[in-house]
Every structure is written in C-alpha cells, then in structure tokens.
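The values are calculated or read from the model by the stated rules, or taken from the named source; none is laboratory data. All figures in this text were calculated on a predicted structure; none of them were measured in a lab. A quick note on method: Cβ atoms are made from the backbone with ideal geometry, for glycine too, and the neighbour counts reach across all protein chains shown.
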Amino acid sequence: MIRMKLQLPRGKQAEFTHQDLVHDALINAMTKAGASIDDVLGYKAEPWTFAALGRSRKSKRSIHTIVVSSPSSKLEEILKQLKTEDVRYARAKTGEILDFSNAAKFFEQDPIPPGGGIMGVLMLSPLAISEKGVQPKRWIKKMDQVDLGPALNQRLTKIAKRPVNLKFEPDSLYVRANPEHSVLVKFKSGKSKNGQFVIGMNAPMVLSGSEEDLRMAWYSGIGEKTRTGFGLIGLVEKGVGR
C-alpha cells in the first residue's frame, strides 16, 4: 500500500481543462517505471486512484499537487520507482500540456488508528456514485440521497476480496448548510459542450470500522471511477492545501 504526493515548486501551477490529461500523464509515468498497460488500464487493472489539488475556474483547472494512492503491492513498487520527469503529457487535439517534471515526490505516512475506530475525512477528489439501473448513467448529487454504506462497501469488498463493512456518515451540519455540494468534472473532450463529464460530491464525513477496512478505503479510494481520479479521501485536520 502506498500514497505519495507530487508537488510543484511554490508559485508554480499546471493548467488543464479535461481531467483525463492528468490520468494519462500518470499512466505515462507508471508505464515508464515498469507497469504494463494491463496493470493500470482496463477492468482487470490493479486498484489505484489520484487527486489533482488546486483551484477550478469556469473553463480551466490550475493544480499544484497530485496525490497518487494504491493498495496494490505491485503498484507500490512501481510508484516507488516513478520519476516525476515522466509525469508529462501533451495532447494536440485539445492543445493541452500537463507537465509535472519539476515536481518533488513525497511519501505519506499511514494515518490509520491502530485497531480501527473513527476518522474524520474530506474528499480530495469528488465522490462519484451513479443511480443503479438508470440509463443513460445519472450521477447522484447529494450525499443524503443515497445509503452510502452499501454503495461504497460493495466496491471495497471487491477490491479487498473479503467483506468490508465500514460506516459512512456525512457531516450533517455541512450538508444542511451546503445542500448543493456537487461539482461537474470535465473528464474528456467530446462533441457536446462539456464533452464527457462526471458529477461528484464534495462533503466531509466520518468513517468508522476496523483498521483493515479503514486502510482499504484510505489507499484505494471510495465510490466509482477511482482510477480516473475520483473518491480519494484525506484527513479533515490537514485540509486540502499543500
């Protein structure tokens, strides 16, 4: 299991419109570090996730830090070997370049309380949950509109290959004060105005459960589309800054 930060020098930022540019830059770096395409892409890929930290504007996002995380022992070795100069991707179609070649690399310590218990967390990247049985896919916009336990434990159970039984409690005061806590993330360019997009939720919550289950959520992320940059959690006490 591993979590690390790729952080640009203070005052430097990278701009992009579509989030898959960050995803593809990380894929480029991981394959150069020794991962196969099947390790990082496709339904049989190892579990991993990331968050791009910075600010969102109307048309672009500016980021200074990428947090990358995985519960996979195979990807742990890959990420240890990853070189920041390879976290770079240029796309002629959209005229975008993401360049993290000057970033510093830091490894995060495991914050899981011994024996398990309770953790106050926030979303470093939005939580994506879709309505079941609805086509075309429709994203849930409010945490109080879904039973988070079944929705999130099902995927964690699949990744862990054992039952995971965490409790997820949104911060009720925050949700009440911020009823509109969803964000539209432009994911890929396309024919429509917004291209392909995902609507995710941003709200703090309390996680409780065993040490092993909390650790799985911490390293793999929660919810859907985690390998494309959704569902990574962080500690409330540390916030989302550098």
request  = Return the total of residues in segment 124-155 being assigned to a loop (DSSP other than H, G, I, E, B) and under 17 Å from residue 211 (Cα atoms).
outcome  = 0
message = I'd like the residue in segment 193-242 that is β-branched (Val, Ile, Thr) and farther than 16 Å from residue 149 by Cβ and, out of all such residues, is modelled with the lowest pLDDT.
response = 240
key: Number of the condition not met by residue 121 [criteria: (1) assigned by TED's automatic domain parsing to the domain that holds residue 228; (2) assigned to a strand (DSSP E or B); (3) over 19 Å from residue 51 (Cβ atoms); (4) among the β-branched types (Val, Ile, Thr)]   = (3)
query = When you look at residue 13, is it touching a His at 6+ places or on another chain (Cβ under 7 Å) and either assigned by TED's automatic domain parsing to the domain that holds residue 93 or over 20 Å from residue 71 (Cα atoms) (or both), yes or no?
reply = yes
Members of segment 1-39 that are over 16 Å from the mean Cα position of the chain (by Cα) and of a type in the set (Asp, Glu) = 15, 38, 39
key: Qualifying positions in segment 212-236 - more than 12 Å from residue 164 (Cβ to Cβ), touching a Pro at 6+ places or on another chain (Cβ under 9 Å) and of a type in the set (D, E, K, R)   = 227
ask   = Counting just the residues of segment 156-191 that are of a type in the set (A, V, I, L, M), part of a helix (DSSP H, G or I) and surrounded by 13 or more Cβ atoms within 10 Å (Cβ to Cβ), which one comes out farthest from the chain's Cα centre (by Cα)?
value = 175
ask   = Taking segment 159-179 as the region of interest, how many residues are of a type in the set (D, E, K, R), at pLDDT 90 or above and more than 18 Å from residue 233 (Cβ to Cβ)?
value = 2
